[in-house]
Amino acid sequence: MDNREKNFISAVVYVHNAEDRIGGFIKELIRFLEDNFENSEIICVNDFSSDSSADIIRGLSTEPNRMCISLVNMSYFHGLELAMKAGTDLSIGDFVLELDSTFMDYRPEAIMDVYTRVLEGFDIVSASPDRKEKFSSRIFYKVFDCFTPTNVMMQTETFRILSRRVINRVSNENKTVPYRKALYSTSGLKTDNIRYEVVKDKLKDMDADEKKYRTSLAIDSLILFTNLGYEFSKVMSLFMIFITVVVLVYTVVAFIISNPIEGWTSTILFLSVAFFGLFVILTIIIKYLQIIVELVFKRKNYSYDSIEKLTK
């Protein structure tokens, strides 16, 4: 009796200069999908690799198997987010398995654990390694969680499974996806995270282009998806108020008890008030920019988890 899942699942794989591991990764993924799903596909997104990654994938597609394998070749280096969006847009599955890396430091059965969790009523279930995060990642997610209005705690993820409802909702809400995880967390749908046991040490997984891209992505995400800039400007404005008051008191006292150089008092007062006014103006400008981002970039009025009709 065939106990394989009836749901169609699409696996979207990000590929960039991964010739040393892509062959084994795809073979293991094919074996897992064929063993557990009646209908599945693999979409490999080749993000302008300069090695033989694409040729290896083409070679695997000629081997006898029931798997439909597609290769999306990006015209230039796009980075993880846009490349994965290209693959997700082409997917046709009821569920989409997003694999952000071709380094498999987990047992394939961990994918089934995530899929089972999705069937329990979650639309977005991610998998994270059961090990200590890098210092830079901890700082980024700490700042992100502190200054974002969502209750979803962000963390390092290796892969995730999305329901088709997530794909449709995110596509309707936004034309561009600068940071998928942030959009998923604000979609209003149920999310969960599963920790998996790490079975092998992580190898070097990013080249110079990817590292530069990840740094830029982190900065852009903090600006677009959090209130960090506005909160920082408010703190600086309050700090300048304090400095202005201190300078005001100091100049008055100095004027009374000493004989300052002519024009010194008025100059110091003018500069302190001017700096305070500058920070207030910057705070207002940043607030306006934040509102523009909310209205134009995010273009979302509300989000909901479900609708229940309690009467007929």
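For the residues Ile56, Ile42, Ile26, the requirement of being assigned by TED's automatic domain parsing to the domain that holds Asp209, over 16 Å from Gly87 (Cα atoms) and buried (at least 17 other Cβ atoms within 10 Å of the Cβ) singles out Ile56. Listed by position, the strands (runs of 3 or more DSSP E) enclosed by the stretch 16-104 that each have at least 2 residues that are within 27 Å of Leu183 (Cα to Cα) and modelled with pLDDT under 95 are 37-46, 68-73. The residue that is farthest from Lys211 (Cα to Cα), counting only those in the stretch 59-72 that are surrounded by 13 or more Cβ atoms within 10 Å (Cβ to Cβ) and of a type outside the set (Gly, Ala, Ser), is Asn65. Close contacts from the stretch 116-133, counting a first residue that is closer than 21 Å to Gly188 by Cα and in contact (Cβ under 8 Å) with a residue 24 or more places away in the chain and a second that is in a loop (DSSP other than H, G, I, E, B) and among the basic types (Lys, Arg), with Cβ to Cβ under 7 Å and a gap of 6+ residues or different chains, come to Gly121/Lys190; Phe122/Lys190; Asp123/Lys190.
For the stretch 134-158, give me each residue that is of a type in the set (Asp, Glu) and either at pLDDT 90 or above or not in a helix (DSSP H, G or I) (or both). Across the stretch 134-158, the qualifying residue is only Glu157. Per the listing Ile261, Ile256, Ile292, Ile241, the residue uniquely at pLDDT 75 or above and surrounded by fewer than 11 Cβ atoms within 10 Å (Cβ to Cβ) is Ile256. Could you grab me the full set of residues in the stretch 206-222 that are of a type in the set (A, V, I, L, M, F, W, C) and either assigned to a helix (DSSP H, G or I) or exposed (fewer than 12 other Cβ atoms within 10 Å of the Cβ) (or both)? Correct list: Ala208, Leu217, Ala218, Ile219, Leu222. Within the stretch 120-133, is even one residue more than 20 Å from Lys181 (Cα to Cα) and at pLDDT 95 or above? Yes.
All of Ile43, Ile111, Ile56, Ile139 fail the test of being under 29 Å from Phe225 (Cα atoms) and without any contact (Cβ under 8 Å) to a residue 40 or more places away in the chain, apart from Ile139. Being buried (at least 16 other Cβ atoms within 10 Å of the Cβ), on the phi < 0 side of the Ramachandran plot and modelled with pLDDT under 80: is that true of Thr191 here? Considered against the rule, which asks whether it is buried (at least 16 other Cβ atoms within 10 Å of the Cβ), on the phi < 0 side of the Ramachandran plot and modelled with pLDDT under 80, Thr191 comes out as no. Just so you know, in the stretch 211-238 the residues that are of a type in the set (Phe, Trp, Tyr) and more than 12 Å from the chain's Cα centre (by Cα) include one that is modelled with the highest pLDDT, and it is Tyr213.
The values are calculated or read from the model by the stated rules, or taken from the named source; none is laboratory data. From a predicted model like this one, the values you see are computed outputs, not experimental measurements. Neighbour counts run over all protein chains shown; Cβ positions are idealised from the backbone, glycine included.
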